[in-house]
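No lab work stands behind these numbers, since they all come straight from the coordinates. This structure is a prediction, so every number in the text was calculated from the model and none was measured. No Cβ is skipped: glycine too gets one built from the backbone with ideal geometry, and neighbour counts run over all protein chains shown.
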Amino acid sequence: MPYSKDSIAKIREMSELRDTIDRLDSDLIALLKLRFQCMNAAARIKSEKSAVRDEKRKAEVLENVKQLASAAGIPVPTMAAIWEMLIETSISYELEKWDQIRGS
Ligand SMILES: C=C(O[C@@H]1C=C(C(=O)O)C=C[C@H]1O)C(=O)O
């Protein structure tokens, strides 16, 4: 069964709630997999290795996430900390891919 804000509000049993949480986690991982595929593409597109880390873009992504978290009513500092880790992990992953693609 698909989930939504309304369907979650109607749940009365922890077992059903946990099934929903597990499904959400599975969907979040699938989305994160796609985000990492974007890092593969970025590594392919960027001709200079020095372009992999882009601090200006990192600041922009963090600002977007803080605004989205605020609008969603979820904890902004925690989301910012999660994204800080996600972006740093993405940069490391992209650097690895950059080397792999060029056999260096
Ligand atoms: C994907 C990029 O490469 C890096 C990864 C980023 C991210 O995870 O959002 C942001 C900035 C870059 O340092 C990009 O430049 O957009």
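Restricted to the range 32-48, and to residues there that are of a type in the set (Gly, Ala, Ser) and part of a helix (DSSP H, G or I), the residue that is nearest to Glu96 (Cα to Cα) is Ala43.
Checking the stated criteria, Glu94 turns out to be in a helix (DSSP H, G or I) and either touching a residue at least 40 places away in the same chain (Cβ under 8 Å) or touching a His at 6+ places or on another chain (Cβ under 6 Å) (or both). Checking each residue in the range 50-82 for being near the ligand (Cβ under 8 Å from one of its atoms) and touching a residue at least 12 places away in the same chain (Cβ under 8 Å) picks out Val52, Arg53, Lys58, Val61. When the residues of the range 49-64 are filtered to those that are outside any helix (DSSP H, G or I) and touching a helix residue (DSSP H, G or I) at 6+ places or on another chain (Cβ under 7 Å), the one that is nearest to Pro77 (Cα to Cα) is Arg53. Among the residues of the range 11-31, is any exposed (fewer than 12 other Cβ atoms within 10 Å of the Cβ), of a type in the set (D, E, K, R) and not in a helix (DSSP H, G or I)? Looking for residues that are exposed (fewer than 12 other Cβ atoms within 10 Å of the Cβ), of a type in the set (D, E, K, R) and not in a helix (DSSP H, G or I), one finds at least one in the range 11-31, hence yes. Scanning the range 6-49 for residues that are among the β-branched types (Val, Ile, Thr) and more than 16 Å from the ligand (Cβ to nearest atom) yields Ile8, Ile11, Thr20, Ile21, Ile29.
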